[in-house]
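Below is one structure, written out as structure tokens; comments come after it.
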Amino acid sequence: MAKVKIHIKDMKQHLGQEIGLSKWMEITQSRVNKFAEATGDFQWVHVDEEQAKADLSSGRTVVHNFLLLSLVPKLFEDILVITGLRYGLNKGAENIQFLTPLPTGSRVRTRLRLSGLKDLGQGEQTATFSIVMEREGSEKLVLKMDLLLLFVAEQAVFKAGPLPDQHQAASFGL
């Protein structure tokens, strides 16, 4: 699937519309184990494949919900490129719901819709994107949430003072 490109000045035209779908991504046991190492969350349902075979209905370990949440920026980036930006910042997430456990080895993708847009003046706007994460082969959603992003246009008029000191992945600051 090709990425959708939208210029910041044209965002309003896409309000209320689905923007697109990400590529499918497999969540491997190796990725789950690395996440467990990074976070210290070694609960057996995530990392003990033998016990999962014996005790879980799927017979597989379950992906950490916060691992799924951490994949949203990558999957978002598969879908959309905003042009005409000086920078973008992640302003948070709302209404996060983990809807069904995801067995390790499953493939997921995200569906993105622009659900809100607020003009802050001086070339700044906040955008709210509704995101749902789907599991391949299942009608049940895995995750849904609203992602809030601040976009600042290339030609924006800025207030005096430094830019926020925040780690910024890609151009969106996700």
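Some observations on this one:
- Comparing R113, R86, R135 in a Gaussian network model of the chain where C-alpha atoms under 10 Å apart are linked, the largest mean-square fluctuation is found at R86.
- Taking amide H positions as modeled 1.01 Å from N, with prolines and chain starts lacking one, the residues under 5 Å from R135 and 5 or more places away or on another chain are V142.
- Near the amide H of V4, within less than 5 Å, lie the amide hydrogens of L80, V81, all on another chain or at least 5 residues away, with H placed in the peptide plane.
- The string of couplings for the stretch 48-61 from the Karplus curve (6.51, -1.76, 1.60, θ = phi - 60°) is 9, 5, 5, 5, 4, 4, 7, 10, 9, 4, 7, x, 10, 5 Hz, one whole number per residue in order, with x for Gly and Pro.
- Longest DSSP-loop-exposure-free segment, GluC sites (Glu not before Pro), the chain, at most 12 other Cβ within 10 Å: 1-135
- Ignoring lysines fewer than eight residues from K34 along the same chain, the ones with Cα atoms less than 21 angstrom from its Cα are K53, K74.
- Cross-link table K5/K118; K12/K140; K118/K144; K23/K140, entries beyond 27 Å C-alpha to C-alpha: K12/K140
- Here each label is just a point 7 Å from Cα along the line to Cβ, and for S58 and T83 those points are 3.9 nm apart.
- Residues whose amide H lies under 5 Å from that of Y87, counting only those 5 or more places away or on a different chain, are V152; hydrogens are built 1.01 Å from N in the peptide plane.
- In degrees, nearest ten, helix 29-39 long axis to first principal axis of the chain (Cα): 70
- For the stretch 4-153, projected area of the alpha-carbon convex hull averaged over all directions, nm²: 9.3
- Among F35, F98, F66, the largest mean-square fluctuation in a Gaussian network model of the chain, built with springs joining Cα atoms closer than 10 Å, belongs to F66.
- Cα-based shape type of the stretch 92-158, given that a ≥ b ≥ c are square roots of the gyration tensor eigenvalues and the cut on a/c is 1.5: prolate
Just so you know, all these numbers are worked out from the coordinates, no wet-lab data involved. What you are looking at is a predicted structure, and each value in this text was computed from that prediction instead of being measured. Quick reminder, even Gly has a Cβ in these numbers, built from the backbone with ideal geometry, and neighbours come from all protein chains shown.
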